[in-house]
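Report on the structure given below.
No lab work stands behind these numbers, since they all come straight from the coordinates. Everything numeric in this text was worked out from a predicted model, so none of it was measured. Here Cβ is always computed from backbone atoms with ideal geometry, including for glycine, and neighbour counts include all displayed protein chains.
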Amino acid sequence: MQRQSKPKPTRKKGKSSVVIQQEVVSHHSGPLPAPNDFAAYNEVIPGAAERILRLAEIESEHRRNQEKKAMERMHRETLLGQIFALTIGLSGILASVYLAVIDQVAASLMLGGGTLVALVTAFIKGRS
């Protein structure tokens, strides 16, 4: 970004001159230094630019690996949750059927109904 101020005319005994003032502002954002800074690093320490680039590459690779591991953990936890929910649901339904077979109808209805309500509630809350 460059800013220029308006010329300021000055006069000295028949001579006129114009003074121009210029201000240069530079801004760089990012994980690496600006290209001009790389050259300066190499002048001070030979090979410094290459070391800085390698450091940025290592950091970037590490970040991607951490994100991949986090996604894999999330997937595994989701899968385990579904497996446990299926196991609990099937156990409740099978126990309800068993109670109905041995003529414990009231207990069978309560257990089966409770299991069904719990599963439906879990699915509805899980989606919202």
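Of note:
- Between the helical axis of 105-127 and the longest alpha-carbon principal axis of the chain there is an angle of about 10 degrees.
- HN-Hα J in Hz across the stretch 62-72 - Karplus 6.51, -1.76, 1.60, θ = phi - 60°, x for Gly and Pro: 4, 4, 5, 5, 5, 5, 5, 4, 5, 5, 5
- Eigen-decomposition of the gyration tensor built on the alpha-carbon atoms of the chain gives equivalent ellipsoid semi-axes of 77, 25, 5 angstrom, largest listed first.
- Computed over neighbours whose Cβ is under 15 Å from that of LEU53, the net charge equals -3, Lys and Arg +1, Asp and Glu -1.
- Relative contact order (%) - criterion: Cα under 8 Å, at least six apart; region: the chain: 12 percent
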